[in-house]
Amino acid sequence: MDIMTSVGLTAGIIVITAMIFMGGDLHMFISEHAMIIIFGGSISATMIRFPLSALLHGLPLGAKFAFTMSRLSAHDLVDELARIAEIARKQGPVGLEKVETDEPFLAKGIRYVADGYDLDFIRDNLERDRDNFLMHLDEGSKIYRAIGDCAPAFGMIGTLIGMVQMFANMTDPSKLGPFMATALLATLYGALVANLFCLPIADKLHGKLLDEETNRTLIIDGILMIRDSKSPTLVREMLLAYLPEKHRHAEGEPVPA
C-alpha cells in the first residue's frame, strides 16, 4: 500500500471540508449542474482523446498502481537475484522450481530458466511483457493527466454558462443567486478534480513507471545472467549499477562465491 497517496488525498479532503464548514454548510457547495458539466464534459473529452482499449486498460491499472507499491525495491531485487543465482549454481536449473518470490515478473523469469528455455526466448518474452506493462501504465498516467487538463477548462465553461443564465434573468432577482452559485461551483469543482485528484495521480504514475522500468529491466538482466550460469558475485556486481551511487557501496556486499 502506498501510504503517501492515501494520506495526501485524505488530508486534502479534510482541509477542503474544514474550510467549507467554517464558512457555512455542505449543502451550499453542492450543485448538480456543476457536477454534470465537470464530470460529463471531462469524461467526454477524454473519450475523444483515447481509444476504448486505452481507457479500459489505463484507468483501472492507473488507479491500482497509484495506491500500491512494488513488492520489492531495486535493492531487494539485487539481493533476491543473487540468492537465486546461488541456488542455480549449486542445484542447477531444476533447483529453481521450488524458489518462491513475491514479485510475479521475477517468478515468470525463474520459471523460464527452470523449464530450460533458451536465452533469446527468455529475453524476447520478458522484454515484450515489460514493454506492454509500461505502455498500459503510461496510458493510465496520460488519461489521468488529460482529465486533469480538461476539468478546469470545463469549470470555466460551466462558469460562462452560469453567467449567461444569470444575465439572461436579470429581471428576476430570485434567480441571480442560484445561477451565480452554479457558475462559481463549476470553477471550484474543476480546480478540485484537477489539482487534488487527477494531476497528482498522473505524476505519481509517471514516477512509478520509471521505477517499474528500472526494476523490470534489472530483473531481465539478472535472469539472463542466471540462465547463462554467471556466478552470484558477478550477478550482484553487475546489477548494482541499477542502484543509486550512494547505495552501491553501503549495501552492496557481494554474496560469498
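Taken as entire DSSP H runs, the helices of the chain that both span 20 Å or more between Cα atoms along their own long axis and average 0.0 or more on the Kyte-Doolittle scale are 3-22, 52-66, 119-168, 173-192, 199-227.
Each Cα pair under 8 Å and six or more residues apart adds its separation to the average, and for segment 1-122 the resulting relative contact order is 22 percent.
Entry note, the chain: relative contact order of 29 percent, from Cα contacts under 8 Å with a spacing of 6+ residues.
Just checking the listed ones, Val99, Val235, Val193: in the Gaussian network model of the chain with Cα springs under 10 Å, the one fluctuating most is Val99.
Counting only heavy atoms of the protein chains, get the accessible area per residue of the chain (1.4 Å probe) and round it to a whole Å² value.
Counting only protein heavy atoms, the per-residue value for the chain is 55 Å².
Ranked from largest, the principal axis spans of the Cα set of segment 1-128 equal 71, 35, 19 Å. Solvent-accessible area of the chain (1.4 angstrom probe, protein heavy atoms only): carbon and sulfur portion equals 65 percent.
One way to sum up the overall shape of the chain is the equivalent ellipsoid from its Cα gyration tensor, whose semi-axes run 53, 19, 12 Å, largest first. Summarising the amide proton neighbourhood of Asp2: residues at separation of 5 or more, or on other chains, whose placed amide H is nearer than 5 Å comprise Thr68, Met69. In a reduced charge model with +1 at each Lys and Arg Cβ and -1 at each Asp and Glu Cβ, the chain shows a dipole moment near 300 debye about its Cα centre. Report the far tail of the P(r) of segment 150-247, meaning the percent of Cα-Cα pairs longer than 19 Å. Counting pairs separated by more than 19 Å, the tail of P(r) holds 65 percent.
The values are calculated or read from the model by the stated rules, or taken from the named source; none is laboratory data. Here the structure is a predicted model, which is why all the values come from computation and not from measurement. Note that we place each Cβ from the backbone using ideal geometry, even for glycine, and neighbour counts take in every protein chain shown. Only protein heavy atoms, including side chains, enter the accessible area calculation; ligands, DNA and RNA are left aside. Shrake-Rupley method; radii C 1.70, N 1.55, O 1.52, S 1.80 Å.
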